[in-house]
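Here's the structure, in structure tokens; my notes come after.
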């Protein structure tokens, strides 16, 4: 099944920094965005 | 819809909390058998809404949940419409929910999200990294890294929307209806994460035979950062909730007593010790049966834990586990097909045989989900009866 999908070349440690910096401007500056993202990722995987 | 207003919500909340805790704690007066709502998707249908509408529109969900309270006046609610954050999962592209409006159900397909030969990688990566790099791309069809990043960010925005709904409905119940908050949070055992969300029920059944050496290390890896002490440290003042936390477990249904002792009990024991040490209470929800595991539950100290055993005979549990407050017992089959008189008779026997010492919370065993799981007039009749007959003399 995975073979049909594009290789996204993900790197968790680097990528959450990118998402936090470039994609989450709706969060207040005081939010720990990486901690928020880490919890969010586990929540999404546990649905 | 205009919603009713309780004349003195603060007083009512305080009194109801004492009724609920009185059924659990040994150092508080037992006042009355509390009535607990185990209604999930049923309440949406009962309010006249389609499940898919309520799951996607928080105003609709708000009204459905409020109607549920105003019709039946339970003392305590497990779900205020926050159980399945489908909008978040859809925004992330990872949605595995399937809503069936005709049957009024929401279901999730059991599947392997971590493959049997990936344990070493999981142990090396840890839970969050593995979920990000492996699980989410398996659940979604991301076209590129940027697509994935944007969708995860969108899910974060939806999480804030969900949090806003949660605050709104909690405020309505607390400050308008005078209903105490049932629990301050949830606590999950790592075996449920491994079984339900990584290996799937079929996968883990094979791992018991072929990958056994990986199970304990994987549970330990999942449990990192999942400390009960961390959860309890973050609790608000005790007066703000009835139970400090609620646990929901399904993974024990696949385990024999030896496996339970190895894979789940160490975490449950640590959790229970922390609750007792801080003199708190917890609500333990065990899906399926626990009849083969009574010897473990007998070790939990009295006065701290309420137990809902979904498929167990509550009279048998009461005999075997006098240390715990029993939850459940009402037949949803009778609520669905019986007359109000039959339902009230059944409820009376439960109170006489299970609630005679006040260590009992009245409810259905099973979650009310389908439209036909209960008739409205039966639910009203039973709750009215239990509220009067359940007073401890």
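The values are calculated or read from the model by the stated rules, or taken from the named source; none is laboratory data. Note that the coordinates shown come from a computational prediction; the quantities given were computed from them, not determined experimentally. For neighbour counting, all protein chains shown are included, and Cβ atoms are generated from backbone atoms with ideal geometry for every residue, glycine included.
Descriptive notes on the structure:
- Positions within the range B:23-44 being buried (at least 24 other Cβ atoms within 10 Å of the Cβ), in a loop (DSSP other than H, G, I, E, B) and in contact with a helix residue (DSSP H, G or I) (Cβ under 8 Å, 6 or more places away or on another chain), in sequence order: B:33, B:34, B:41
- Test: residue in the range B:99-117 that is in a helix (DSSP H, G or I) and over 22 Å from the mean Cα position of the chain (by Cα): yes
- Qualifying residue in the range A:10-20 (condition: facing chain B (nearest Cβ under 7 Å), in contact with a helix residue (DSSP H, G or I) (Cβ under 8 Å, 6 or more places away or on another chain), assigned to a helix (DSSP H, G or I) and surrounded by fewer than 16 Cβ atoms within 10 Å (Cβ to Cβ)): yes
- Only listed residue being touching a helix residue (DSSP H, G or I) at 6+ places or on another chain (Cβ under 9 Å), assigned to a loop (DSSP other than H, G, I, E, B) and under 24 Å from residue B:192 (Cα atoms), chosen from B:293, B:300: B:300
- Candidates B:284, B:222, B:314, B:275, filtered to the one that is surrounded by 15 or more Cβ atoms within 10 Å (Cβ to Cβ) and farther than 27 Å from residue B:181 by Cα: B:222
- Within the range B:137-154, the residues that satisfy the criterion of being in a helix (DSSP H, G or I) and facing another protein chain (nearest Cβ under 7 Å) are B:137, B:138, B:145, B:148, B:149, B:150, B:152, B:153.
- Count of residues meeting criterion [without any contact (Cβ under 8 Å) to a residue 40 or more places away in the chain and either within 20 Å of residue B:62 (Cα to Cα) or outside any helix (DSSP H, G or I) (or both)] in the range B:3-20: 1
- Scanning the range B:162-172 for residues that are out of contact with any helix residue (DSSP H, G or I) (no Cβ under 7 Å at 6 or more places or on another chain) and either within 19 Å of residue A:37 (Cα to Cα) or within 8 Å of chain A (Cβ to nearest Cβ) (or both) turns up B:163, B:164.
- Any hit, the range B:49-67, residues being crowded, with 19+ Cβ neighbours inside 10 Å, in a loop (DSSP other than H, G, I, E, B) and touching a helix residue (DSSP H, G or I) at 6+ places or on another chain (Cβ under 7 Å): yes
- Number of the exception - residue B:157 against (1) more than 22 Å from residue B:207 (Cα to Cα); (2) at the interface with chain A (Cβ under 7 Å from one of its Cβ atoms); (3) buried (at least 17 other Cβ atoms within 10 Å of the Cβ): (3)
- Lone unmet requirement of (1) surrounded by fewer than 20 Cβ atoms within 10 Å (Cβ to Cβ); (2) in contact (Cβ under 8 Å) with a residue 24 or more places away in the chain for residue B:89: (1)
- Among the residues making up the range B:291-311, those that are at pLDDT 95 or above and either within 22 Å of residue B:382 (Cβ to Cβ) or surrounded by 14 or more Cβ atoms within 10 Å (Cβ to Cβ) (or both) are B:293, B:294, B:296, B:297, B:300, B:302, B:303, B:304, B:305, B:306, B:307, B:308.
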